[in-house]
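Chemist: Starting off with a structure, shown below.
Derivation of every value follows stated rules applied to the coordinates shown; laboratory data play no part. Quick caveat: nothing in here was measured; it's all calculated off a predicted structure. We place every Cβ from the backbone using ideal geometry, glycine too, and count neighbours over all the protein chains shown.
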Amino acid sequence: MKEFTIPAGVVVVLGAIIMLPILFWFGCRIEPQNGQIAIMIRKTGRNLPGDQVIASDSSYKGIQLEVLGEGRYFRNPFTWNWQITGITDIPAGCFGVLVRKYGKDLPEGKIVAPGPEYKGIVRDVLGTGKHRINPYAYDVKIYEDIRIMPGNVGVVTNLTGDDIFSGTANDLALQKGFVVETSRKGVLQAVLKEGTHRINPFIQSVSVVNIQSQRYEFAGDDAIFFITVDGFNISLEGTVEYNIEREAAPWLSHEVGDMEDIMKKIILPSVSGFARIEGSKKSATEFIVGESRQVFQNQLEEFLRKICKGWGISINSVLIRDIIPPQEIAEIIRNRELAQQEAKKFKQQIEQAKSATELERQRMLALQNRAKVGAETEKITKEIEAKQQQMERVIAAKTELDIAEVGYRTAEAEVKSKLAIAEAERKVIAESNKSQVEVLRRNVAAFGSGELYVKGMLYRKLGPSIESIMANQGKGHLFGLPLGEISNNNDKGVAK
């Protein structure tokens, strides 16, 4: 059987086909991860000028200015080399200052790069976050944010710019000391308010100045000593409250210093000088008794306000808490004061007793007046009640009288009505009787006599009731009455 062989050229071609993708993947792949960058270095191209270390574009050999961020890239390893490094991360509460390593040298006297073509400190700062910064092109210096709390201001000092004495001189008539315009070196009039600020520390410096009210107590070793006009040593202890005005903070903080310097250089010397000058005009007794102490305090406060106003310092209050006299006179004055206080106390007690007596008298008078008013009120009340009852009785009697009068008139009307009715009835009866008498007279006249009329009337009444008359009775009288003829008719009998 003939052995099968593969030509060498085919093997090389197949090997190349298999190895090329592997070499391309592992040899040409650039893949910075999250938080990384790739610094590119070109192996071919034009040589860099002698004064440059960074290639501004890809036509030059060397380290390229632009970097590759996270992602996947493919470059020819024979043309390019690369270096994976970490990204620049500025933490929260901080900012970054760039220092450019490439470019032209700075002009003489400059420390900040005036443009992108110069090396040196870059004016703008980097904020919090991640930045793709080429470490061969820039150094990054990280600083904490400038935080100005409430009650404070930031005094800004320019570190760059024209000198005070170069060009046009600083206008000292309008400014004080080192306070300058924004284009010059020195202290700026405008201050930073409370908040967070990011200022390039190579361009400007910021000093935080407290403008809140401060309290200083001069006591003990810091007490003010002076000699009175009569030669006694007096020790003065008290408190001063003050604060720096916002507008005066820039030049005051640079010409005088911080709060301690302001106290030691301006306020304390003013208090001490005033106490020595004015205190030497008064005796020791005046500082212990009387109104001299309050007057001295008011004068000291007025003097301090006037002195400190020119410096931009506001004096809020001055309090002299204690004036310590020498012991040799303090006890005498103290005893005299105690005696006066005792006398005042006794006098006050007497006044209180008088007041109590007067109060009791007034109370008794009030009780007496109250009883008198009560009696008068009761008398008036009873009089009113009596008058009211009398009026009620009069009204009741009048009402009863009116009712009786109405009843009388009603009864009188009823009597008159009954009399009228009786009279009418009498007249009717009289007329009726008269008519009956006339009829009776006529009837009697018709019968001939009264007796005959009576008999006739009787017969008329009895006749209808008699239906028969007993047969055995003949003519004669029946019950004393004469009988007429009786009909022989058996059916009925009629009196004739």
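Chemist: Students often forget the sequence filter, so: which lysines lie under 17 Å Cα-Cα from K427 once same-chain residues fewer than 8 apart are removed?
Modeler: Of all the lysines, those that pass the test against K427 - Cα under 17 Å, at least 8 places apart if same chain - are K416, K418.
Chemist: How many nm is it between the label spots at E241 and V439, if each spot is 7 Å from the Cα in line with the beta carbon?
Modeler: Each label point is offset 7 Å from its Cα along the Cβ direction, giving 13.7 nm.
Chemist: Here's something else I'd like to know. If I model a spin label at K281 and E414 as a point 7 Å from the Cα along the Cα→Cβ vector, what separation in nanometres do I get?
Modeler: About 11.8 nm, to one decimal.
Chemist: How far apart, in nanometres, would the label points at L268 and R363 be if each is projected 7 angstrom from Cα along the Cα-to-Cβ direction?
Modeler: Once both label points are built, they end up 6.1 nm from each other.
Chemist: For the pairs K141/K265; K61/K130; K185/K309, note any where the Cα-Cα span goes beyond 31 Å.
Modeler: From the list (K141/K265; K61/K130; K185/K309), the Cα-Cα distance tops 31 Å for K141/K265.
Chemist: Would you kindly compute the Cα radius of gyration of segment 330-430 and its largest Cα-Cα separation (Dmax), both in Å?
Modeler: Considering segment 330-430 through its Cα atoms, Rg and Dmax are 42.4, 143 Å.
Chemist: Please give the net charge around D124, taking every other residue with its beta carbon less than 14 angstrom from that of D124, where Lys and Arg add +1 and Asp and Glu add -1.
Modeler: Once all neighbours under 14 Å are counted, the net charge is +4.
Chemist: Which FRET efficiency value, to the nearest 0.05, is calculated for E66 and I22 with the Förster distance at 25 angstrom and r the Cβ-Cβ distance?
Modeler: With a Förster radius of 25 Å, E is 0.30.
Chemist: Separate question: How much FRET efficiency would the formula 1/(1 + (r/R0)^6) give for N34 and R215, where r is the Cβ-Cβ distance and R0 is 60 Å, rounded to 0.05?
Modeler: The value I calculate is 0.65.
Chemist: Still on this structure, I have one more. How large is ³J(HN,Hα) for each residue in segment 425-430, as worked out from phi by the Karplus curve 6.51 cos²θ - 1.76 cosθ + 1.60 (θ = phi - 60°), to whole Hz, x for Gly and Pro?
Modeler: Once θ is set to phi - 60°, the couplings for segment 425-430 become 5, 4, 4, 4, 5, 4 Hz.
Chemist: Search the structure for amide H atoms under 5 Å from the amide H of I199, placed 1.01 Å from N in the peptide plane, and list their residues when 5 or more places away or on another chain.
Modeler: I146
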